[in-house]
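These notes are about the structure you will find just below.
The values are calculated or read from the model by the stated rules, or taken from the named source; none is laboratory data. Here the structure is a predicted model, which means the values were calculated and not measured. With ideal geometry, Cβ positions are generated from the backbone for all residues, glycine too; neighbour counts draw on all protein chains shown. Just so you know, the surface numbers come from the protein's heavy atoms only, side chains and all, with ligands and any DNA or RNA stripped out. Shrake-Rupley method; radii C 1.70, N 1.55, O 1.52, S 1.80 Å.
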2 protein chains.
Amino acid sequence: MFANDPRLTRSAAPFLDLSLSTVLLKEDARWPWLILVPRIESAQELTDLSDADAARLLGEIRLCARAIAAEPRVERTNIGALGNVVPQLHIHVIGRRAGDAAWPGPVWGVEGKVAYDPADRAALLARITARLTTHTT
Amino acid sequence: MFANDPRLTRSAAPFLDLSLSTVLLKEDARWPWLILVPRIESAQELTDLSDADAARLLGEIRLCARAIAAEPRVERTNIGALGNVVPQLHIHVIGRRAGDAAWPGPVWGVEGKVAYDPADRAALLARITARLTTHTT
């Protein structure tokens, strides 16, 4: 049975299931940051997916990228599948702003963490969820 | 007319055109590292591509990921589209080995560079090219 790796959910909260992937919000207010986890048992690499599942995942990545790009002041969307620390296949979709805490470097491995203001977090999740659920993948 | 951003070709050499993307080899022997550049003028984000082009790109990413994963001792394949420094859409496909120069962090932004031995580079390119051209995307 499929389960999210607890190392992902320790710092990111699942909030929506798309048709293939569960979407998590990274608990770090420095960047609007989603993580997609395709619910395919033991998938670790993009190449572990069937052609059909990879195509579905691509649609969901693009949907999340559009949702993140619509956040205020986001200039670039970084998309990455690394898995060096947590092997379970997961795809990061991160909104980047010139001058953010890692700019122009990658966000992975950057020290520290900034907690969300609860009201800001709720508003962000409401906006993202609306964008993810008013489109079809 | 489409042209590779010179900031990409300054440190990576185009060696093969797939149906959508030109494939470049990053000139750094620390990692087997390909960069795919879809030949779509002014595309910057994955979401700038049509559905059809995105599907073609996905096929080419998976093809490159398999070619990199077949290199000796590669344990993970990191795939990333960032574009914080060079906005032209380009996708990194990087073979990672436990204990490599950035492990387990990302390779982007890591200082330094190690030149390839010319014979090693030629052999790597021959292997990669064979893998990329004996499959269809």
One finds, for B:T129 and B:S42 with R0 = 30 angstrom and r their Cβ-Cβ distance, a FRET efficiency to the nearest 0.05 of 0.60
Estimated [θ] at 222 nm from DSSP helical runs (n ≥ 4, -39500 (n - 2.57)) normalised by residues in chain B, nearest 500
-9000 deg cm²/dmol
Largest-first ordering by accessible area, 1.4 Å probe, given options A:S21, B:S19
B:S19, A:S21
Can you give me the long-range amide H partners of A:E75? Hydrogens built in the peptide plane at 1.01 Å from N, cutoff under 5 Å, separation of 5 or more residues or another chain.
A:R96, A:R97, A:A98
Would you kindly calculate the translational diffusion coefficient of the stretch A:26-91, applying Stokes-Einstein with the Kirkwood radius from alpha carbon pairs, for 37 °C and a viscosity of 0.692 mPa s, and quote it in µm² s⁻¹ without decimals?
254 µm²/s
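Averaging over every viewing direction, what projected area does the convex hull of the Cα atoms of the protein assembly as shown cover, in nm²? Walk me through the numbers on the way to the answer.
Numbers: hull surface 57.3 nm².
Result: a mean projected hull area of 14.3 nm².
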Got a number for the accessible area of B:R127? Probe 1.4 Å, square angstrom, nearest 10.
90 Å²
When you look at the Cβ of every residue in B:37-46, what mean number of other chain Cβ atoms sits within 10 Å?
2
Counting Lys and Arg as +1 and Asp and Glu as -1, each charge on the Cβ, what is the dipole of chain A about the Cα centre in debye, to the nearest 20?
440 debye
Using a 7 Å offset from Cα along the direction of the beta-carbon, what are the separations from B:T129 to the same position in each other copy, nm, ascending?
5.4
Residue by residue through the stretch B:33-47, what is 3J(HN,Hα) from phi via Karplus (6.51 cos²θ - 1.76 cosθ + 1.60, θ = phi - 60°)? Round to whole Hz and write x for glycine and proline.
9, 9, 10, 9, 10, x, 7, 10, 4, 6, 6, 10, 10, 4, 7
From largest to smallest, what semi-axes in whole angstrom does the stretch A:62-127 give when each is the square root of 5 times an eigenvalue of its alpha carbon gyration tensor?
20, 15, 14
Just checking the output field for B:80-88: average partner chain Cβ neighbours within 10 Å of each residue's Cβ?
6
Lys and Arg at +1, Asp and Glu at -1: neighbours of A:A70 with Cβ under 15 Å from its Cβ sum to +4
Calculate, for B:A122 and B:F2, the FRET efficiency according to 1/(1 + (r/R0)^6) with r their C-beta to C-beta distance and R0 30 Å; round to the nearest 0.05.
0.65
19 Å Cα-Cα reach of A:K113 towards aspartates and glutamates, excluding residues that sit fewer than 8 places from it in its own chain
A:E27, A:D28, A:D100
Would you mind giving the three semi-axes, in whole Å and largest first, of the ellipsoid equivalent to the stretch B:1-41 according to its Cα gyration tensor?
19, 12, 6
What list of ³J(HN,Hα) values in whole Hz, one per residue of the stretch B:86-101 in order, does the Karplus curve 6.51 cos²θ - 1.76 cosθ + 1.60 (θ = phi - 60°) give from phi, with Gly and Pro shown as x?
10, x, 3, 4, 8, 10, 8, 10, 10, x, 10, 10, 3, x, 5, 4
Largest-first principal axis extents, alpha carbons of chain B, Å
38, 33, 25
Can you give the angle from 0 to 90° between the axis of helix B:51-69 and the longest principal axis of chain B, with both taken from C-alpha atoms, to the nearest 10?
10 degrees
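Relative contact order for chain B: what is it in percent, counting Cα pairs under 8 Å that are at least 6 residues apart?
26 percent
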What is the set of long-range amide H partners of B:L16 at a cut-off below 5 Å, with H atoms built 1.01 Å from backbone N?
B:V23
Taking the Cα centroid of the stretch A:15-38 and of the stretch B:48-86, what is the distance between the two, rounded to the nearest whole Å?
21 Å
